[in-house]
Amino acid sequence: MSYQIQGYADKAEKYFELAIEQDPTLIAAKIELAIVKRKLSNYQGSIDDLQNLLQNLDQFPQDPTNELEINNSLGVAYFRQRDFKEATHYYLKSYELAKKLNNHKFLIKTSLNMGIVEKNLGHYDNARKWVTEALTISRKHNNTDDPTAIYLLGQIERELQNTDKAISLFSQAYDQFNKNQEYREATSVMNAHAMLLAKKGRYSEALERLNESLEFKLKLNDGIGIIDSKLSMTDVYLETEDIPALERVYGELQQYIAETKINSRNFEMTKLGIYIDFLKNDYQTTFDKIAKLPDDFNSRSIDMVQMKCKQKLGDKDIIKVWLDEFSYLKSGEDSRMRMYWLDLENFYLESYGSTLELQESYKQRLRLSRAMGNDAASANILLKIGQQHIQNDQLSEASDTLNELKIMNLDWWQIDLFEAEIMNANGQVNQSIELAKSAKQKASSIWGDKEEARLQKLLSNSLN
């Protein structure tokens, strides 16, 4: 069991195989072996083993808990295969049997699993209903709130773009997990909480939480948890375009994965390497890496990066053709796909659109990001809009944009630099240079050539 906790599922597999070889009647070991196979992504092998156990239960010591566990584990395996119909079937079988046996533990577990299925199907009202049932059972029989249920409610609110409510629920879940001394689970919540803080543009706080989470996982020797915490850090660094920090953590991850031989995050690592190359404007290398990916490597974000690379390498029609073909996404009900479409339209128009077209595209994306509660995306779009106003000598509009940014209470050096440019245009030359230099100091390693060019422009204006 300890191997599973540490993330070394391959070692756990050998351990359980040896135990079964010594005593073939150990049904608990057989169930655990099937679970380990699932964790090693051998979903069909896990399903086959569990189905075989289910059909031959009469050959083992009679314990109704085994049937509950097998049905629930089958549900999880099918869920991992994205077969939600079969997952629902087995979760409900376990749920009904738990009801019959008055087994509160499995009633809570299967209710939560049903909530997860419904959440993934986008049926958020049904998901909330199942999770609330689990919470009610926990309060009635355990005299406490189930932190997993609170955490899941937070995830549902996050999906519904109720960011502040989700943050509050994550905080409650974190406190309850800590109270229960379930530190591994607490750190998972901390990771999720951190990513919501990043979504609100509170990057420093997000990284603080992730560092706290990493310290916990190191103490627990939670291999997968350590990798996940560092991957979450890279998500923040991608948002802030901190290439030195990205390359540092990416290198640490490569070394740790090589040492521990934990390969369950290869998909995420492959994407991360591609994102870093793209962020470095190495479009040919990025494109070549994507071209070598296997056909079953499905990632919408990588598809977007590939189209952006093709445009940067000279194919000016690639994104335009895609936008025309999938124009219905722009007005669809799926907010994420609308954002995806508008992101690509922004990128295309930045190279080939008119000023008015680009401004309108930015404004549409801004309205959507605000509706989704994504303050970080909103602030970045406002900064782009503000830059357009400065380039067009629209100082009044630029000042209005700055006021919108200040209302968000974000401690961003990018906002300071933008404000410095407005001050400079309004004749506050010395103050603008002082603020711009302060922004450079705050930016540290993130400060790039474009930002330096903007600072030098301010300095040259002071000599005129």
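Normalised by the number of residues in the range 316-373, the mean separation of alpha-carbon contacts (under 8 Å, six or more apart) gives a relative contact order of 31 percent.
Using a Förster radius of 22 Å, what is the FRET efficiency between Asp296 and Lys85 based on their Cβ-Cβ separation? Nearest 0.05, please.
Details: r = 22 Å, r/R0 = 0.98.
Here the calculated transfer efficiency is 0.55.
By the compact-protein rule of thumb, 2.2 N^0.38 Å, the alpha-carbon radius of gyration of the range 155-198 corresponds to a ratio of 1.09.
With contacts defined as alpha carbon pairs under 8 Å and 6 or more residues apart, what's the relative contact order of the chain in percent? Walk me through the numbers before you get to the answer.
Values: 507 pairs, mean separation 35.6, N = 464.
Reported relative contact order: 8 percent.
Note on Lys100: aspartates and glutamates with a C-alpha under 13 Å away, same-chain residues under 8 apart excluded, are Glu67. Sorting the segments 363-373, 255-265, 145-155 by their residues' average number of neighbouring beta-carbon atoms within 10 angstrom, most packed first, yields 145-155, 363-373, 255-265.
From the Cα gyration tensor of the range 342-396, with a ≥ b ≥ c the square roots of its eigenvalues, which class applies: rounded if a/c is under 1.5, or else prolate if a/b is larger than b/c, or else oblate?
oblate
How much mean residue ellipticity at 222 nm does the chain get from its helices, if each DSSP H run of length 4 or more adds -39500 (n - 2.57) and you divide by all residues, to the nearest 500 deg cm²/dmol? Before the final figure, lay out each step's value.
Working: 25 runs with 368 residues, N = 464.
Calculated from helices alone, the mean residue ellipticity at 222 nm is -26000 deg cm²/dmol.
Given +1 at the Cβ of Lys and Arg, -1 at the Cβ of Asp and Glu and no other charges, the dipole of the chain around its Cα centre is 420 debye to the nearest 20.
Taking label points 7 Å from Cα along the Cα-to-Cβ direction, Asn211 and Leu313 give a separation of 3.9 nm. Across all Cα pairs in the range 377-464, the calculated P(r) in 10 Å bins from zero up to the longest distance comes to 18, 53, 28, 1 percent per bin.
Projecting the Cα atoms of Gly332, Ile137, Gly45 onto the dipole axis of the chain, where Lys and Arg carry +1 and Asp and Glu carry -1 at the beta carbon, places Ile137 farthest toward the positive end. Given +1 at the Cβ of Lys and Arg, -1 at the Cβ of Asp and Glu and no other charges, the dipole of the range 316-373 around its Cα centre is 260 debye to the nearest 20. Computed over the alpha carbons of the range 193-279, Rg followed by Dmax gives 12.5, 35 Å. Only Lys, Arg, Asp and Glu carry charge here, each on its Cβ (+1 for the first two, -1 for the last two); on that basis the range 376-464 has a dipole of about 200 debye about its Cα centre. In plain terms, the chain from Ala258 to Asn142 could stretch by 37.5 nm, reckoned as 0.36 nm per residue minus the Cα-Cα distance. Full extension of the chain segment joining Ser445 with Thr132 gains 108.1 nm, where the gain is 0.36 nm per residue of separation less the Cα-Cα distance.
Once you have a ≥ b ≥ c as the square roots of the Cα gyration tensor eigenvalues for the chain, tell me rounded if a/c is under 1.5, and otherwise prolate or oblate according to whether a/b is larger than b/c. Taking the square roots of the gyration eigenvalues as a ≥ b ≥ c, the chain is prolate.
Positive end of the dipole of the range 376-464 (Cβ unit charges, origin at the Cα centre): among Asn426, Ile390, Gln456, the Cα lying farthest that way belongs to Gln456. Residue ranges 159-166, 227-234, 268-275 sort as 227-234, 268-275, 159-166 when ordered by packing (mean number of other C-beta atoms within 10 Å per residue, highest first).
Computed on the range 376-464, with alpha-carbon pairs under 8 angstrom and 6+ residues apart, the relative contact order is 22 percent. By a straight-distance test (C-alpha under 12 Å), which aspartates and glutamates pair with Lys105 as possible cross-link partners, with residues fewer than eight away in the same chain excluded? Filter leaves Glu69, Asp146.
Taking other residues whose beta carbon is less than 15 angstrom from the beta carbon of Thr136, and scoring Lys, Arg as +1 and Asp, Glu as -1, yields +4. For the range 180-197, 3J(HN,Hα) computed residue by residue from phi via the Karplus equation (6.51, -1.76, 1.60; θ = phi - 60°) reads 7, 6, 9, 6, 4, 5, 4, 5, 5, 5, 4, 4, 5, 4, 4, 5, 6, 4 Hz, glycine and proline entered as x.
Projecting the Cα atoms of Leu402, Leu107, Tyr124 onto the charge dipole of the chain, computed from C-beta unit charges around the Cα centre, puts Leu107 farthest toward the positive end. Phi angles across the range 289-296 convert, under the Karplus curve 6.51 cos²θ - 1.76 cosθ + 1.60 with θ = phi - 60°, into 3J(HN,Hα) values of 5, 5, 4, 8, 5, x, 4, 8 Hz, Gly and Pro given as x. Judged by the gyration tensor of its Cα atoms, with axes a ≥ b ≥ c, the range 52-167 is oblate; a/c meets the 1.5 cut and b/c is at least as large as a/b.
Within straight-line reach of Lys230, meaning a Cα separation under 21 Å, sit the following lysines at least 8 residues removed in sequence or on another chain: Lys39, Lys199, Lys200, Lys217, Lys219, Lys261, Lys271, Lys280.
The peptide list 302-309, 324-331, put in order of mean Cβ contacts within 10 Å with the highest first, becomes 302-309, 324-331. Across the range 89-94, computed HN-Hα scalar couplings (Karplus, 6.51 cos²θ - 1.76 cosθ + 1.60, θ = phi - 60°) run 4, 6, 4, 5, 4, 5 Hz from first to last residue, x flagging Gly and Pro.
Bear in mind these aren't lab numbers, they're just calculated from the coordinates by the rules spelled out. Just so you know, these numbers come straight off a predicted model, no measurement behind them. Cβ sites come from the backbone with ideal geometry, for glycine too, and all protein chains shown count toward neighbours.
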